[in-house]
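Step one of this worksheet: look at the structure below.
Just so you know, all these numbers are worked out from the coordinates, no wet-lab data involved. In this text, all values refer to a predicted model and were calculated from it rather than measured experimentally. Cβ placement follows ideal geometry from the backbone for every residue including glycine, while neighbour counts extend to all protein chains displayed.
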Amino acid sequence: MGGRSLVICDQEEGYAAAFAVFLMKKKEFAFQVQVCDDLSQVKAVMKEHPVDILLVGGSYPAGECEELQAGRLFFLEETGRQGNEENVIYKYQSGEAILSAIICQCSKEDEAKDLFFHVARSRQIRIIGVFSPVHRCGKTGYALKTGQELAASENVLYLNLEIYGGVGGYFPEEGHTLADALYYARQESGSLGVRLTTLVKRMGTLDYLLPVRVSEDIKAVTLEEWSGLLHQIAEQSIYDVLILDIDEGLRDVYGILRMCTEVHVPTAGDTAARAKLMQMEEELHLLGYDDVKKKMVRKPKLSGPGGRGRTAAGESGAQAELPGYGRRERAEGEAELSECGGKRGMRLKKRGGHGMSGGEMN
């Protein structure tokens with residue numbers, strides 16, 4: 001067995017299988033994952049190859065657990081009581097929270113970076129800014145739809161940089177936000193790429209961060225901080241494309257647009273929309289941002305079925321599908337694990353008596 005190994009052993013087999021599926025959805029996760037439901041299976045795996053991380057849940061005798069050997073050993077605690085042991089993790093919480101706890105402990109010994117694949121950049125990351133001076137033109141729907149289309153063949157991350165991102169509309173109400181990513185980027189510890197794996201949510205194949213909940217927080221972000229965030233994502237993450245849904249109320253908004261490799265401008269065909277776009281272009285020239293003007297690609301709003309408007313990327317489709325994705329995907333990993341707590345966890349067929357390789361979880 002090549003590569004690094006993570007083994008999950010739990011008497012509640014559905015739980016272990018669900019958490020394995022959650023981990024395998026992490027494209028950047030640098031481990032082969034195996035599932036066992038008995039310590040004898042774990043010991044058999046250990047005879048075949050070293051185990052780098054071992055998660056043990058259930059009421060196994062302490063004497064048997066002492067015989068286990070792994071680079072990192074964590075116990076999944078069912079009661080939720082707080083203990084002093086750093087290797088004890090509460091079992092019935094979201095997959096993101098469990099992975100975050102593992103990363104936190106590994107970070108103390110500078111091992112967290114080894115949990116994920118290291119990216120060797122052979123080309124510049126593509127940064128698509130979506131911005132428009134025209135309101136109600138389907139900007140966010142266009143940005144999400146574009147991100148989903150690109151995510152079919154590339155690793156794409158969508159960031160909502162709006163003052164009021166509309167949590168509860170396109171996006172679920174709970175979870176980590178862009179503010180958390182900015183916090184870790186400010187630390188400049190080199191761990192943002194690792195932290196992103198616990199912060200992002202998914203909309204189909206598209207990764208995204210929830211918008212900032214307090215408008216004043218995003219208004220206070222400086223151009224230097226935005227630059228640091230984007231630079232660290234480019235250097236430390238797996239993403240090939242960033243989609244920035246940009247608000248006109250941000251500080252140094254033209255400076256943010258300047259950092260983009262291209263700027264998509266959803267608009268409309270009426271006189272007022274054309275006038276706003278012309279004013280923006282004149283202002284860009286006046287303030288010395290002609291380079292931003294050259295990057296702009298207009299995305300006209302077209303007439304859809306039944307007279308409903310849609311952008312060139314199909315806003316009507318986005319409006320119909322994307323909010324559903326937000327509701328359906330908001331607890332990816334969380335629903336699976338919480339259901340396991342109620343004995344309804346999904347079950348996957350194991351290979352022999354030696355657990356199951358993550359490659360078999362299709």
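For H264, H176, what's the fewest-to-most ordering of other Cβ within 10 Å of each Cβ?
If I rank by nearby Cβ atoms, fewest first, I get H176, H264.
Could you please rank M278, M296, M203, placing first whichever residue has the fewest other Cβ atoms within 10 Å of its Cβ?
Exposure proxy ranking, most exposed first: M278, M296, M203.
Once the piece of chain linking R136 and S59 is laid out straight, how much longer is it, given 0.36 nm per residue of separation minus the C-alpha distance between them?
22.1 nm
Between R213 and D270, 0.36 nm times their residue separation minus their Cα-Cα distance comes to what?
17.2 nm
Out of segment 153-197, which GluC sites (Glu not before Pro) are coil in DSSP terms and have no more than 16 other C-beta atoms within 10 Å?
E154, E173, E174, E188
What does the extension gain come out to for E77 and S40, with contour length at 0.36 nm per residue minus their alpha carbon separation?
11.3 nm
Which three numbers, in whole Å and largest first, are the semi-axes of the equivalent ellipsoid of segment 126-329 derived from its Cα gyration tensor as √(5λ)?
26, 22, 15
Quick check: the distance between the Cα centres of segment 6-22 and segment 200-248, to the nearest angstrom?
32 Å
Contact order normalised by length for segment 126-329, with contacts defined as Cα pairs under 8 Å and 6 or more residues apart; what percent is it?
The value is 34 percent.
With the crude spin-label approximation of a point 7 Å out along Cα→Cβ, what separation in nm comes out for Q69 versus R298?
For Q69 paired with R298, the spin-label model returns 7.0 nm.
Sort S189, S59 so the one with the fewest other Cβ atoms within 10 Å of its own Cβ comes first.
Result, fewest neighbours first: S59, S189.
For segment 218-268, which trypsin sites (Lys or Arg not before Pro) are both in a DSSP coil and crowded by at most 14 other Cβ atoms within 10 Å?
Those satisfying the criteria are R251.
Does a label point 7 Å from the Cα of T261, set along Cα-to-beta-carbon, have any residues of segment 124-161 with amide nitrogen under 15 Å, and which are they?
124-130, 147, 150-151, 153-158
Please list, ordered by chain and number, the residues whose modelled amide H lies under 5 Å from the amide H of F171; skip anything fewer than 5 residues away on the same chain.
For F171, whose amide H was placed from the backbone, there are no distant partners under 5 Å.
Please list, in chain and number order, the residues 5+ apart from S5 or on another chain whose amide H is under 5 Å from its amide H, with Hs placed from the backbone.
Q32, D52, I53
With label points built 7 Å along Cα→Cβ from the Cα atoms of E85 and M278, find their separation and express it in nm.
Those two pseudo-labels are separated by 7.3 nm.
Could you check what % of the DSSP bridge pairs in segment 126-329 are antiparallel, to the nearest 5?
Antiparallel: roughly 20 percent of the beta bridges in segment 126-329.
Just to be sure I understand the model, the point goes 7 Å from the Cα along the line to the Cβ. What's the resulting S153 to C104 distance in nm?
4.1 nm
Is there a pair in K145/K294; K43/K201; K201/K293; K25/K299 whose C-alpha atoms are over 27 Å apart, and which pairs would that be?
From K145/K294; K43/K201; K201/K293; K25/K299, over 27 Å: K43/K201; K201/K293; K25/K299.
Please give me, ordered by residue number, the GluC sites (Glu not before Pro) of segment 249-294 that lie in loop per DSSP and have at most 10 other Cβ atoms within 10 Å.
Answer by residue number: there is no such site.
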